[in-house]
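S.K.: The following block contains the structure, expressed as structure tokens.
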Amino acid sequence: MLADFQQALADLTASPELCMAVKIDPSLLMRRYQLTDREAGRLEGIVRHPGMACSCMVYRANRLAPLALNTPRLCKALGHDLRAVASDYWADHPQSNVHFYVEADRFCRFVRREIARGRSFGPEVGSALEIESAQVAAALRESHTEAA
Amino acid sequence: MTRPTVGLLYNPVSPLLIAQAPDLVEYLGVMPDRLWYDFGPNAQGRRFHRTLGAIDELRRCAEGRLTAGHGIGLSLPSAMPLDEAFVDAVAELAADIGFSWFSEHLSVFITPKGAVPNAQAGLGLPIAYDDEVYGIVAGKAARLRQALGCPIALENGAFFTPVPDPDMTEPQFLNRLHAEGRCETLLDLHNLYVNWRNGGETPEAYIAQLDPAAVIEIHLGGGDDFAGFYMDSHSSLTPEPVWETAFAHVAGFPNLRAITYEFQETYYEDLADGLIPELERMHELAETWAPRRRLAHAG
């Protein structure tokens, strides 16, 4: 069905790992989604297209944009951990929110939760998170520009 | 019909450029999605909060200029119902600013199984050009036209991975929408260039399939190379091959109303010296429209 086809394409674009898994075992698509044979064939063709790597990169760049714009110190403090943290965050929140402050606020909450669970990061992460999460929260409040 | 207008896709630095060259900017394409904060359908209280200062500034810039809306958030090809609250918000802005038409993208931005309609896929995804998707797009375009009270256009996308095994080509899909009175075409010439640079068909081959009467607006713009691909990043002036395509075809679009340059505002300082010459060249392009049209009528 079309809804599953579109969702599968979005999921593949968000996950190079899923693309690789489908390349190895195309039947995975039919197990995860309700697809016609034609839709499954189309997805398999897309996954094998050389441009798919670029789609995956652009997806990650687009999702990184609100985080880099609104939490630059936190991103810098995360350093080499940023790749893994961002990937985990996107897996946890597979859809981006169009409101950049909501997206950044959600990311800050995610990092805070990871720290609370015992995940360790570089020494600057805690202070960067405190400062920028407060700034993002304030910007989010101010974006309520009109009466409810 | 007069020659097409020349203008910009409005962004936060557009007022600076308009102040420098007010006579060169006759038209503004306005993205409603950039003029409000969308708290989503589950928001407590009001969902859309307008960026009031930005809208006031837009009103000042729009005075005496043709305007049209250019949206990204409705995702017409998505296999899900139209976001009616979003449509209402667009309609409110369209009435306020006075949009002469409204365009959207021929791409999937919102995935059907997402939890909330204002969450996006993170990228404009390609669509399958078949009857099922056609029915969805045609129905939503008709509804949108009814709600906004102005013509609707759809823009061809820039894709790295076209959907294989289509029933029709993208130009055939757009032609059918036009022929059945559903909507018109916003032809992004830079997107054609992007697709060609990344292994797709040539812009010439694409335009040869397109009904020229469907085209009411064209987009110009520039991009850059990244990781072996050419990106539609709106980071540069219009590349020379795109100009060549534009000069070769503009006169052949009898219903063309606007020639629009789009750039990302974060590149404004890098582009600043080139923007006025870009607009001047767009005016030269617009001037090529009328003579050939008169000749066509004379013939």
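Here, each number is a calculation from the coordinates, and none is a lab measurement. Computed from a predicted structure; not experimentally measured. For neighbour counting, all protein chains shown are included, and Cβ atoms are generated from backbone atoms with ideal geometry for every residue, glycine included.
S.K.: Please report, in whole Å, how far the alpha carbons of segment A:109-148 spread along each principal axis, starting with the longest.
M.R.: Each principal axis gives a Cα extent; for segment A:109-148 these are 41, 18, 7 Å.
S.K.: Order of A:Asp37, B:Asp33, B:Asp131 from fewest to most other C-beta atoms within 10 Å? Walk me through the intermediate numbers first.
M.R.: Numbers: A:Asp37 8, B:Asp33 19, B:Asp131 11.
By the 10 Å Cβ count, ascending: A:Asp37, B:Asp131, B:Asp33.
S.K.: Add +1 for every Lys or Arg and -1 for every Asp or Glu among the other residues with Cβ under 14 Å from the Cβ of B:Ala21, and state the total. Please report the intermediate quantities before stating the final value.
M.R.: On the way: positive: B:Arg65, B:Arg281; negative: B:Asp23, B:Glu26, B:Asp273, B:Glu278, B:Glu280.
Overall, the nearby charge balance is -3.
S.K.: While we're looking at this one, here's another question. So what is the 222 nm mean residue ellipticity for chain B from helices alone, if each DSSP H run of at least 4 adds -39500 (n - 2.57) and you divide by all residues, rounding to the nearest 500 deg cm²/dmol?
M.R.: Result for chain B: -12000 deg cm²/dmol, rounded to the nearest 500.
S.K.: Starting from the exponent 0.38 and prefactor 2.2 Å, build the expected Rg for segment B:190-299 from its residue count and divide its actual Cα Rg by it.
M.R.: Compactness ratio reported: 1.13.
S.K.: With springs connecting C-alpha atoms under 10 Å apart, model chain A as a Gaussian network and identify which of A:Ala116, A:Ala86, A:Ala104 has the largest mean-square fluctuation.
M.R.: Taking springs between Cα atoms under 10 Å, the residue moving most is A:Ala116.
S.K.: Using modelled backbone amide H atoms (1.01 Å from N, in-plane), which distant-in-sequence or interchain residues come within less than 5 Å of B:Thr67's amide H?
M.R.: Amide H neighbours of B:Thr67: B:Leu28, B:Ser100.
S.K.: For A:52-65, what's the mean count of beta carbons from other chains sitting within 10 Å of each residue's beta carbon?
M.R.: 5
S.K.: Among the GluC sites (Glu not before Pro) within segment B:130-199, which fall in a DSSP loop and have no more than 16 other Cβ atoms within 10 Å of their own Cβ? Numbers along the way, then the final one.
M.R.: Values: sites: B:Glu132, B:Glu155, B:Glu180, B:Glu184; in loops: B:Glu180.
Answer by residue number: B:Glu180.
S.K.: Next question. Normalised by the number of residues in chain B, what is the relative contact order in percent for Cα pairs under 8 Å and 6+ residues apart? Please report the intermediate quantities before stating the final value.
M.R.: Values: 542 pairs, mean separation 54.7, N = 299.
Once divided by the residue count of chain B, the mean separation gives 18 percent.
S.K.: Please express the shape of segment A:10-110 as an equivalent ellipsoid: the semi-axes are the square roots of 5 times the eigenvalues of the C-alpha gyration tensor, given largest first in whole angstrom.
M.R.: Numbers: eigenvalues 180, 36, 27 Å².
Gyration-tensor ellipsoid for segment A:10-110: 30, 13, 12 Å.
S.K.: Hey, another quick one. Sequence-distant or interchain residues sharing an amide H contact under 5 Å with B:Glu155, placed H: which?
M.R.: Amide H neighbours of B:Glu155: B:Glu104, B:His105, B:Leu106, B:Leu186.
S.K.: If you take the Cα Rg of segment A:61-142 and divide it by 2.2 N^0.38 Å, with N the number of residues, what do you get? Kindly include the intermediate steps, with their values, before the conclusion.
M.R.: Details: Rg = 11.5 Å, N = 82, 2.2 N^0.38 = 11.7 Å.
Against the compact-globule rule of thumb, the ratio is 0.98.
S.K.: Partner chain Cβ atoms within 10 Å, averaged over the residues of B:225-231 - can you pull that number for me?
M.R.: Working: counts 0, 4, 4, 3, 7, 1, 4.
Going residue by residue through B:225-231 and averaging, the value is 3.
S.K.: Shifting gears a bit: Is there a simple number for the mean count of other chain Cβ atoms within 10 Å of the Cβ of residues in B:158-167, and what is it? The partial results should precede the final answer.
M.R.: Numbers: counts 1, 5, 12, 15, 5, 8, 9, 5, 1, 0.
Counting other chains' Cβ atoms within 10 Å and averaging over B:158-167 gives 6.
S.K.: Within 10 Å of each residue's Cβ, count the other Cβ atoms and sort A:Glu17, B:Glu262, B:Glu57 from fewest upward.
M.R.: On the way: A:Glu17 12, B:Glu262 20, B:Glu57 15.
Neighbour counts put them in this order, fewest first: A:Glu17, B:Glu57, B:Glu262.
S.K.: When 1/r is averaged over all different Cα pairs and the result inverted, which Kirkwood radius in Å belongs to chain B?
M.R.: Details: mean 1/r = 0.0510 Å⁻¹.
Taking every pair of different Cα atoms in chain B, averaging 1/r and inverting gives 19.6 Å.
S.K.: For every helix of n ≥ 4 consecutive DSSP H residues, a contribution of -39,500 (n - 2.57) applies; sum these over chain A, divide by its total residues, and give [θ] at 222 nm rounded to the nearest 500 deg cm²/dmol. Mind dumping the intermediate values first?
M.R.: Numbers: 9 runs with 113 residues, N = 148.
Counting only the DSSP helices, I get -24000 deg cm²/dmol.
S.K.: Above 12 angstrom, tally the Cα pairs of segment A:2-49 and express them as a % of all pairs, no decimals. Could the numbers behind the result be given before it?
M.R.: Values: 622 of 1128 pairs.
For segment A:2-49, the fraction of Cα-Cα distances above 12 Å is 55 percent.
S.K.: Let me check I've understood the local charge: for B:Ala141, count other residues with C-beta under 9 angstrom from its C-beta, Lys and Arg +1, Asp and Glu -1. What total comes out? Don't jump to the answer; show the numbers that get you there.
M.R.: Working: positive: B:Lys140, B:Arg143, B:Arg145, B:Arg182; negative: B:Glu104.
Charge balance in the 9 Å sphere: +3.
S.K.: Arranged by the count of other C-beta atoms within 10 angstrom, fewest first, what order do A:Ser87, A:Ser55, A:Ser27, B:Ser107 take?
M.R.: By the 10 Å Cβ count, ascending, the order reads A:Ser27, A:Ser87, B:Ser107, A:Ser55.
S.K.: What are the residues whose amide H is under 5 Å from the amide H of B:Tyr261, where those residues sit 5 or more places off or on another chain and H is modelled from the backbone?
M.R.: Answer set, sorted by chain and number: B:Gly7, B:Leu8, B:Leu9, B:Leu220.
S.K.: Provide the descending list of Cα extents for the protein assembly as shown along its principal axes, expressed in whole angstroms.
M.R.: Here the Cα extents, ordered largest to smallest, are 78, 52, 40 Å.
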